[in-house]
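Input: a single structure, listed below in structure tokens.
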Amino acid sequence: MNDVDLHALAERQWRDYRARTPGTCFADPDARPLTLEQAYKVQHAVARLRTGSGETIVGFKVGCTGPGTTAQFGMAGPIRGYLFGGDVRRSGVTLRADAFASLAVEAEMGLRIGADGRIASVFPIIELHNFVFRAPRRTLVELVANNGFNAGIVAGDEGPVAPDARLGIRINGRMVDEAGLWPLRGGAEASLDWLRQDLARDGLALLPGQIVIAGTPLGLYPVHAGDRIETCLDGTPRVTCAVAA
């Protein structure tokens, strides 16, 4: 490993996130490159800073799994990131465009972990992203160190979902894309199994009641002030949000 000061880097990442200018260190031409292992250490250190300031970890995301996002990013995951309670919003919310850096959205499914560690319920979400790559070349390292670009989720109601339902994303009334519910061939369990194994490598584990967002089979879509976004199941809107100036 190189001699990067990971704690100082984590503090800078946390400052940048709060200033809505995430990941500025990756634009620094003199910065020492990170390994993927170090990127996860930075992600974890930022999470500790956030919980130390009073935030709560409510779950994890799995990302960079489906064909849409892997093609857009030019790289294949999976990767993981943290979900924080203060970044969870309810369907129908109006977001301010200036509260994000290059806001982009994904339609995907969330999982609620039950007391027995199994999936207790599933529900549609809109994942929010600060979609900014700053380095000259896109890498998983930058994606991971920036917590998978996660800037929160908009969650819908938890309840029965048909296993053969079609997941779709509609922006300003136009259905942009549709596919099956899950990005991995093994469905929800495949994303969950990968996440459990990857967390265990760092001494972490899922807890009952936590949320896992399983990744999208669709793409990532930039949105702007004036846009309205809907995550749909079989064409019916189940989660909505709007973006205001």
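Data overview
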{"quantity": "Residues located in segment 74-111, provided they are at positive phi and surrounded by 14 or more Cβ atoms within 10 Å (Cβ to Cβ)", "calculated": "S102"}
{"quantity": "Count of residues meeting criterion [aliphatic (A, V, I, L, M) and within 18 Å of F131 (Cα to Cα)] in segment 26-70", "calculated": "3"}
{"quantity": "Matching option when the condition is among the basic types (K, R) and either in contact with a Pro (Cβ under 6 Å, 6 or more places away or on another chain) or not in a helix (DSSP H, G or I) (or both), among R196, R138", "calculated": "R138"}
{"quantity": "Unique residue being touching a Ser or Thr at 6+ places or on another chain (Cβ under 7 Å) and either outside any loop (DSSP other than H, G, I, E, B) or at pLDDT 95 or above (or both) when the list is E178, E189, E230", "calculated": "E230"}
{"quantity": "Of all residues making up segment 156-175, the number that are in a strand (DSSP E or B) and basic (K, R)", "calculated": "2"}
{"quantity": "Qualifying residue in segment 121-139 (condition: surrounded by fewer than 16 Cβ atoms within 10 Å (Cβ to Cβ) and among the hydroxyl-bearing types (S, T, Y))", "calculated": "yes"}
{"quantity": "Filter result for G168 (touching a residue at least 24 places away in the same chain (Cβ under 8 Å), touching a Leu at 6+ places or on another chain (Cβ under 8 Å) and either surrounded by fewer than 17 Cβ atoms within 10 Å (Cβ to Cβ) or not charged (D, E, K, R) (or both))", "calculated": "yes"}
{"quantity": "Some residue of segment 32-46 being out of contact with any strand residue (DSSP E or B) (no Cβ under 7 Å at 6 or more places or on another chain), at pLDDT 95 or above and not in a helix (DSSP H, G or I)", "calculated": "no"}
{"quantity": "Given (1) assigned to a strand (DSSP E or B); (2) touching a Lys or Arg at 6+ places or on another chain (Cβ under 7 Å); (3) of a type in the set (A, V, I, L, M), index of the condition V243 fails", "calculated": "(2)"}
{"quantity": "Test for G219: is it among the small types (G, A, S) and at pLDDT 95 or above", "calculated": "no"}
{"quantity": "Pairs, first under 23 Å from L167 (Cα atoms) and modelled with pLDDT of 95 or more in segment 85-107, second among the charged types (D, E, K, R) and surrounded by fewer than 15 Cβ atoms within 10 Å (Cβ to Cβ), C-beta under 9 Å, six or more apart", "calculated": "S91/D157"}
{"quantity": "Top-ranked residue of segment 1-30 - restricted to ones that are without any contact (Cβ under 8 Å) to a residue 12 or more places away in the chain and aliphatic (A, V, I, L, M), ranked as nearest to G86 (Cα to Cα)", "calculated": "A19"}
{"quantity": "Within segment 141-158, considering residues that are in contact with a helix residue (DSSP H, G or I) (Cβ under 6 Å, 6 or more places away or on another chain) and not small (G, A, S), the one nearest to R89 (Cα to Cα)", "calculated": "N147"}
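Every residue, every condition in (1) farther than 21 Å from R170 by Cα; (2) over 16 Å from the mean Cα position of the chain (by Cα), yes or no:
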residue	(1), (2)
V93	no, yes
A97	no, yes
E108	no, no
A115	yes, yes
E127	no, no
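Residue by residue, here is whether (1) more than 18 Å from I113 (Cα to Cα); (2) surrounded by 12 or more Cβ atoms within 10 Å (Cβ to Cβ); (3) not polar (S, T, N, Q) holds:
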{"residue": "S191", "(1), (2), (3)": "no, yes, no"}
{"residue": "Q197", "(1), (2), (3)": "no, no, no"}
{"residue": "P208", "(1), (2), (3)": "no, yes, yes"}
{"residue": "V212", "(1), (2), (3)": "no, yes, yes"}
{"residue": "P217", "(1), (2), (3)": "yes, yes, yes"}
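The values are calculated or read from the model by the stated rules, or taken from the named source; none is laboratory data. Worth saying up front: this structure is predicted, and the values here are computed from it rather than measured. Ideal geometry is used to build each Cβ from the backbone, glycine not excepted, and the neighbour counts take in all protein chains shown.
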